[in-house]
Amino acid sequence: MPKISNKGINMPESPIRKLVPFAEEANKRGKKVYYLNIGQPDIKTPTLALDAVKIHSLDILAYSRSEGSEEYRKKIAKYYKNNAIEVTHNDIIVTTGGSEALLFAFGSIMDEGDEIIIPEPFYANYNGFSTASSINVVPVISKIENNFALPPIEEFEKLITPKTKAILICNPGNPTGYMYSKEEIKKLASIVKKHDLFLIADEVYREFVYDGDPHYSILQEPGLEAHGIVIDSVSKRYSMCGARIGYLVSKNKDVITTALKFAQARLSPPTLAQIAAEAALDTPKSYFDEVRQEYMKRRDVLIEGLERIPGVKVAKPNGAFYCIAELPIKNSDDFARWLLESFDYENSTVMVAPAAGFYSTSGVGKNQIRIAYVLNEESLRVAIKVLAEALKVYKD
Ligand SMILES: Cc1ncc(COP(=O)(O)O)c(C=O)c1O
């Protein structure tokens with residue numbers, strides 16, 4: 001029997017998707033499952049994006065340029081300019097989702113065994129992308145007690161070794177919902193400059209910020225030109241997860257030239273989806289105002305509801321559409337499975353993401369879950385009620 005690679009064996013399972021078979025079983029048994037586990041928004045995709053695909057005039061569905069069509073990249077640069085970010089189309093590579101942008105970034109700046117420091121909890125697939133790239137994640141713990149704010153800079157400095165190549169942040173954060181302030185970005189900028197590291201910022205949720213200050217991108221921070229790499233995506237911004245379009249943005253020419261070689265190896269990002277994503281850039285501001293209002297309402301319903309459940313601790317998110325909740329249980333993997341297999345309240349149950357998979361320090365986050373508030377207000381209220389009833393009867 002030919003053998004599977006060690007890398008393949010070590011690839012982590014998605015903590016979000018591994019419970020899917022149990023949810024399918026619950027559905028088959030006639031239970032209504034409220035899905036709080038996955039960041040698939042229920043918000044409608046802008047019709048102008050969908051229409052652009054319907055009315056295109058292509059004769060041949062050809063490859064596009066490896067870096068994405070020039071017209072589209074010019075429009076992306078304009079989008080950034082409207083958001084007070086100065087980049088040109090030459091600083092942008094269009095990718096197959098933010099996922100591929102992450103892989104290209106890792107491949108362009110790190111070799112086998114290199115280290116990347118990431119505040120945890122973090123987007124679980126960072127673990128998978130790191131394994132695929134043969135690099136090591138070095139976590140720095142952020143805490144629910146202070147809403148998952150940036151850990152003190154000294155904590156980062158303690159972890160820097162000759163192998164450290166980059167710091168990766170997600171801003172605003174999945175799964176924490178925390179948005180880093182301008183001051184926090186400045187702290188990170190000073191440390192990456194001092195130690196000559198890259199700073200990768202995953203800003204795919206940049207449009208989803210709620211109260212207080214506006215989002216501050218690392219691309220707005222002066223002096224970070226050589227260090228900064230932004231990961232971006234249309235998936236959540238326009239509720240276009242299935243388009244599979246994202247981008248890598250950097251003012252560092254060497255990063256772009258190198259990432260382009262990875263892009264050339266996979267030939268091109270999807271052509272039809274670029275047409276849809278380019279049209280999506282004409283989405284009026286009112287769309288985002290409405291979407292933001294909707295998420296803010298859901299966030300408030302969720303946080304108030306969770307805070308009323310005895311023993312539940314929750315960090316208040318001010319961006320993205322996730323939150324981490326600490327529950328009065330020992331093992332959220334077991335709890336999440338039990339919810340699907342053995343529990344119902346008025347024939348309904350909820351699917352949540354156990355949070356341990358969002359940490360790379362083993363044993364941390366075992367009593368936490370991640371909740372995505374991607375359901376409408378009414379469903380969210382029922383889901384919170386179901387969770388509250390479940391916690392009344394659950395025994396670890
Ligand atoms: C923080 C973060 N980064 C990147 C991605 C990748 O998204 P996509 O490949 O759909 O652009 C996701 C998807 O959920 C995400 O939450």
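The values are calculated or read from the model by the stated rules, or taken from the named source; none is laboratory data. These numbers come from a predicted model, not from an experiment. Neighbour counts run over all protein chains shown; Cβ positions are idealised from the backbone, glycine included. With ligands, DNA and RNA removed, areas are computed over all heavy atoms of the protein, side chains included. Shrake-Rupley method; radii C 1.70, N 1.55, O 1.52, S 1.80 Å.
Tabulated results
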{"item": "Mean Cβ count within 10 Å, highest first, over the residues of peptides 296-308, 9-21", "result": "296-308, 9-21"}
{"item": "Solvent-accessible heavy-atom area per residue, rounded to whole Å², over the chain at 1.4 Å", "result": "44"}
{"item": "Nonlocal Lys pairs with alpha-carbon distance under 13 Å, the stretch 123-273 (8 or more apart, or different chains)", "result": "4"}
{"item": "With every protein chain in place, the stretch 1-141: carbon and sulfur % of accessible area (1.4 Å)", "result": "53"}
{"item": "Net charge of neighbours whose Cβ lies under 9 Å from the Cβ of His215, counting Lys and Arg as +1 and Asp and Glu as -1", "result": "-2"}
{"item": "Distance (nanometres) between label positions extended 7 Å along Cα→Cβ at Ser362 and Arg308", "result": "4.1"}
{"item": "Residue with peak Gaussian network fluctuation, the chain [Cα springs, cutoff 10 Å], from Ala265, Ala280, Ala105", "result": "Ala265"}
{"item": "Residue-averaged 222 nm ellipticity for the chain, from DSSP H runs of 4+ at -39500 (n - 2.57), nearest 500", "result": "-11500 deg cm²/dmol"}
{"item": "With Cα atoms, 0 to 90° folded angle of helix 332-341 axis to the chain main axis", "result": "70"}
{"item": "Cut-off under 5 Å, modelled amide H: who pairs with Gly68 long-range", "result": "Val94"}
{"item": "Mean-position separation - Cα centroids, the stretch 173-187 and the stretch 39-80, in angstrom", "result": "29"}
{"item": "For the chain, built as a Gaussian network whose Cα springs stay under 10 Å, the top-fluctuating residue of Val94, Val374, Val291", "result": "Val291"}
{"item": "Simple Cβ-charge dipole of the stretch 1-103, Lys/Arg +1 and Asp/Glu -1, about Cα centre, in debye nearest 20", "result": "480"}
{"item": "Dipole of the stretch 1-129, positive end: most advanced residue of Ile109, Pro2, Ile43 [Cβ charges, Cα centre]", "result": "Ile43"}
{"item": "Of all accessible heavy-atom area on the stretch 321-396, the percent that carbon and sulfur account for (1.4 Å)", "result": "44"}
{"item": "Chain lengthening between Glu145 and Leu159 when straightened (0.36 nm per residue, less Cα-Cα)", "result": "2.8 nm"}
{"item": "Sum of side-chain charges, Cys323 neighbourhood, beta-carbon under 10 Å (Lys, Arg +1; Asp, Glu -1)", "result": "+3"}
{"item": "Rounded to the nearest 20 debye, dipole of the chain from Cβ charges on Lys, Arg, Asp, Glu", "result": "440"}
{"item": "Cβ-based charge dipole, the stretch 219-364, positive-most Cα from Val255, Tyr287, Val364", "result": "Val255"}
{"item": "Dipole-positive endmost among Ile185, Val53, Thr164 within the chain (Cβ charges, Cα centre)", "result": "Val53"}
{"item": "Nearest-0.05 FRET efficiency for Lys18 and Lys316, computed from C-beta distance (R0 22 Å)", "result": "0.20"}
{"item": "Förster radius 51 Å - calculated FRET efficiency between Lys7 and Val382 (Cβ-Cβ, nearest 0.05)", "result": "0.75"}
{"item": "³J(HN,Hα), Karplus 6.51/-1.76/1.60, whole Hz, each residue of the stretch 281-297, x for Gly, Pro", "result": "5, 8, 4, x, 4, 4, 4, 5, 4, 5, 5, 4, 4, 4, 5, 5, 4"}
